[in-house]
Amino acid sequence: MRTLVRTGLVRSVGFMAPGQARMVVEEPATASAAQPGQFLEIDCTPAADGECARSASLRAPFLRRPISFCNVDRVAGTFTLAFRVSGAGTDALSRFRTGDRLSFLGPLGHGFTLPATGTCLAVGGGIGVYPLLHLLRAARERGLGTAAVCGYRSPEEAFLLDEFREVSDRTFFASDSGGLDFTGHAGAALEAFLASQTPAGPVTVLTCGPFPMMRAVAGLCARQGHACQVSLEERMGCGTGICLVCACKVRSLERGEPEYRRCCTEGPVFDAREVVWE
Ligand SMILES: Cc1cc2nc3c(=O)[nH]c(=O)nc-3n(C[C@H](O)[C@H](O)[C@H](O)COP(=O)(O)OP(=O)(O)OC[C@H]3O[C@@H](n4cnc5c(N)ncnc54)[C@H](O)[C@@H]3O)c2cc1C
Ligand code: FES
């Protein structure tokens, strides 16, 4: 595998909801290569002007952090990263300023596989909604039907609603505390959505979010006969298949035996039938 270290120019950075940051980065080669569900390993401290990307990574006080593509604009040569500030790395990332240089590895990982026909139904919970925006935009560009079921803690902590409406034929927003289209988590919202709607053609469900939510989504898809792909979130070290920190247990569809795969290279997206939900 060819690993690419690149630097991009930060075009904007800010908060879109409490603790939820968004950064737009200009780097045309990365924007044109990015596939839905792929991610970057980000150096969370700015690279000094003219400094080589590798030395910038050696200066960082911690490992690079994995962040997915949330949106890509190939014409402008930019991509958007959206992230929750959850620790030192993402806090440092949220403090970048316009004009800073961002060092990253990627695009990395095996992302979502778009179906040939029918409807892409994206189901996201919390920060799991982020990669699904890029996915739905790509699906619409291919002429596929698109629908989004997104779950949040509360309406005040909900984000990207307008952006999901823009790329989806139908949206259904859920909140644990009520106040949106459905009260409950995204897995329960999916069941209500499918009971009330008939999406065009075969449905492929693509999901990202908390493990219990994705387990519920995978179970529902198995019962109803929908194809389902899940994006797993493991702690990562190298992001490039070397350290084995991100090993996850799956069951090979061909052999039926449990085995371990690297989430960073063979994933993060897997066929839901392969995942061992324990
Ligand atoms: C493939 C992939 C794509 C991701 N994409 C996004 C994204 O688009 N937006 C986003 O907000 N986050 C994303 N994450 C999660 C993000 O990488 C972590 O939140 C980040 O690394 C935390 O770093 P930190 O230094 O801020 O916090 P740390 O101090 O390292 O951790 C803070 C808290 O987050 C938990 N945490 C750290 N890493 C992970 C992880 N990989 N999975 C689950 N919990 C974790 C820790 O256990 C701890 O409770 C992604 C993770 C993966 C594996
Ligand atoms: S993070 Fe190192 S092998 Fe996956």
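Before moving on, here are some points about what is shown:
- Of all residues in the range 246-264 being part of a loop (DSSP other than H, G, I, E, B) and modelled with pLDDT of 95 or more, the one that is nearest to His226 (Cα to Cα): Cys263
- Unmet requirement for Glu166, which otherwise passes all of (1) in contact with a Ser or Thr (Cβ under 9 Å, 6 or more places away or on another chain); (2) at pLDDT 95 or above; (3) not hydroxyl-bearing (Ser, Thr, Tyr): (1)
- Residue in the range 161-204 that is farthest from Gly125 (Cα to Cα), counting only those that are charged (D, E, K, R) and in a loop (DSSP other than H, G, I, E, B): Asp169
- Counted residues, the range 100-135 - those being within 16 Å of ligand 2 (Cβ to nearest atom) and either in contact with a Pro (Cβ under 7 Å, 6 or more places away or on another chain) or under 12 Å from Ser231 (Cβ atoms) (or both): 3
- Residue check, Thr207 assigned to a loop (DSSP other than H, G, I, E, B), within 16 Å of ligand 1 (Cβ to nearest atom) and either more than 24 Å from Val149 (Cα to Cα) or within 21 Å of the chain's Cα centre (by Cα) (or both): no
- Residue match in the range 121-140 (condition: more than 11 Å from the chain's Cα centre (by Cα), within 16 Å of ligand 1 (Cβ to nearest atom) and among the hydroxyl-bearing types (Ser, Thr, Tyr)): no
- The number of residues in the range 67-99 that are away from ligand 2 (no atom under 16 Å from the Cβ), within 13 Å of the chain's Cα centre (by Cα) and not hydrophobic (A, V, I, L, M, F, W, C) comes to 3.
- Leading residue by the ranking (farthest from the chain's Cα centre (by Cα)) among those in the range 225-243 that are away from ligand 2 (no atom under 16 Å from the Cβ) and surrounded by 14 or more Cβ atoms within 10 Å (Cβ to Cβ): His226
- Residue within the range 221-231 that is of a type in the set (A, V, I, L, M) and either in contact with a strand residue (DSSP E or B) (Cβ under 6 Å, 6 or more places away or on another chain) or within 12 Å of ligand 1 (Cβ to nearest atom) (or both) present: yes
The values are calculated or read from the model by the stated rules, or taken from the named source; none is laboratory data. In this text the structure is predicted, and so the values were computed from the model without any measurement. Positions of Cβ are backbone-derived with ideal geometry, glycine not excepted, and every protein chain shown enters the neighbour counts.
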